[in-house]
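Working notes, beginning with the structure itself.
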Amino acid sequence: MIFYIPNLKSYIFEQNCCSKEFILAKKVYLGLTGDIIHPGIINIINEGAKYGDVVVGLLTDKAIVNHKRLPYLSYEQRKDVVENIKNVSEVIPQNDWSYVPNLQKLKPEFMIHGDDWKTNYLSGIREEVLEVMKEWGGQVIEIPYTQGINSTALVENANIIGTTPDVRRATLRRLIAAKPIVRIMEAHSGLTGLIIENTQIQKEDGHHQFDGMWSASLTDSTDKGKPDIEAVDLTTRMQSLTDILECTTKPIIYDGDTGGIPEHFVFTVRTLERNGVSAVIIEDKKGLKKNSLFGTEAKQVLATEEEFCEKISAGKKAQVTKDFMIIARIEEIIAGYSVDEAVKKAFAAVKAGADGIMIHSKDKSGMDIKEFCEKFRAEYKSIPIVLVPTTYNQFTEAELASWGANVVIYANHMLRAAYPAMVKCAETILQAERSLEVNDICMPIKQILELIPGTK
């Protein structure tokens, strides 16, 4: 007689009149992201179960995020779903984009995958799998691609549908936990938001895209023809922000300037949080705000530790969810003070409840920023550091990450790139007295008509 022991599918108990024997069942390994479960995946699992116990290597956020977009569901949520699929024997984390580490650890008799990986972006992974499975005589089973099912298309359709404030708000913390450095680009309109949302390239080390958007007071006010002195109030800025929120899904960090007085800042926090913004960054200045890149050329009046910390504390008490972040922007270096004084201010901000620290400098060497990061990291190992390398842009994201940075913001580049192009277009038309000469620097009219979903 043969008994299959529930939840212990790795063993078969065989009993006869004279002996008892445990026989190890064969393992079938399947790597999954598990964010969208469609009939094609169910088919692969069912086919795998014909060969043995299906062990699913569920890719963690860290394994996925440098190659594909961050999953909509967290690892634990995805794990709960996959564990409850029929014919799944066990779910284990796959901490690497490559299947090889888990395969070498488990040494399964079979590895199963859809045959579409022969020609898509996973072809290199396939070659690795074929080679490593040979080491112990394992077999790779390739299941014919399920026609009519495309996970990439399903994700794109989900993007068109949009997201919710709760999902968007929580994404920034997940990205910081999953990536060596989170890449944020400035957006000041719905159009710039769409560009950031959809621009992506494939490089040898993986898939590259922007992780989120920066709603900058500088570019927002400049786009409206106003000076960057907090002349554009929250209500007005929310109009532009709403344009971005309505056509994108990625997390947004809001430039809160000084944050105003504590009693007003609490309403800013509540408004941003309610709309799904992930974080607000406020700087330790008071009075009439002057752009930091003026440095000591303009009078930079800094708030005391007590004043700044009071504002942070008030904001933290006002927020409703644990996902929203208040990040303290330290301006000491900009104002001509020492790195040590900047570090001291940052420590006080963290103790007041700040979820992260942004440190700013106009020094082109970047060495003051590196020194700050080293000294801050000596005390706080995991509090996120945000950098805005506008002046010290010779350093790569990997180099900034090696200093201890978690987030890099490209704070004004979309507007700065657009302005020269628009001026050139206007001057060229004036010179030629027609528009023929600007055809090469303008987007084709057909493309702009098809740019926005729903236009055609």
Label-point separation, K107 to R274 (7 Å along Cα→Cβ), nm
6.1 nm
Give, as a single signed number, the net charge of other residues whose beta carbon lies under 10 Å from the beta carbon of A178, with Lys and Arg counted +1 and Asp and Glu -1.
+2
If you count the DSSP beta bridges with both ends in the chain, what percent of them are antiparallel, to the nearest 5?
20 percent
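When the dipole is taken about the Cα centre of the chain, and only Lys, Arg (+1) and Asp, Glu (-1) are charged at their Cβ, what size is it in debye, to the nearest 20?
So the dipole magnitude of the chain works out to roughly 620 debye.
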Which aspartates and glutamates have a Cα less than 15 Å from the Cα of K285, not counting those fewer than 8 places away in the same chain?
D228, E230, D255, D257, E305, E306, E307, E310, E331, E332, E341
Bin width 5 Å, alpha-carbon pairs only: give the P(r) of the stretch 245-390 as whole percents, running from 0 to the bin holding the largest distance.
2, 10, 21, 22, 20, 14, 8, 3, 0
Tell me the net charge near V320. Cut-off is 12 Å between Cβ atoms, V320 excluded, with +1 for each Lys or Arg and -1 for each Asp or Glu.
+3
Quick one: net charge around K226, please, counting Lys, Arg +1 and Asp, Glu -1 for every other residue with C-beta under 12 Å from its C-beta.
-3
Which whole-number percent of Cα pairs in the chain have a distance greater than 33 Å?
47 percent
Distance histogram in 5 Å bins (all Cα pairs of the stretch 163-411, percent per bin):
1, 6, 14, 19, 22, 18, 13, 5, 1, 0
Helical mean residue ellipticity (222 nm; -39500 (n - 2.57) per DSSP H run of 4+; nearest 500) of the chain
-12000 deg cm²/dmol
Quick calc, the stretch 381-435, dipole around Cα centre from Cβ unit charges on Lys, Arg (+) and Asp, Glu (-), nearest 20 debye, gives 80 debye
When each pair of different Cα atoms in the stretch 198-255 is counted once in the 1/r mean, what is the Kirkwood radius in angstroms, to one decimal?
13.0 Å
Does the stretch 359-398 come out rounded, prolate or oblate by the C-alpha gyration tensor, with a ≥ b ≥ c the root eigenvalues, rounded set by a/c under 1.5 and, if not, prolate when a/b is larger than b/c and oblate if not?
prolate
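Any read-out appearing in this document is the output of simple, stated calculations on the displayed coordinates, not a laboratory observation. Here the structure is a predicted model, which is why all the values come from computation and not from measurement. For neighbour counting, all protein chains shown are included, and Cβ atoms are generated from backbone atoms with ideal geometry for every residue, glycine included.
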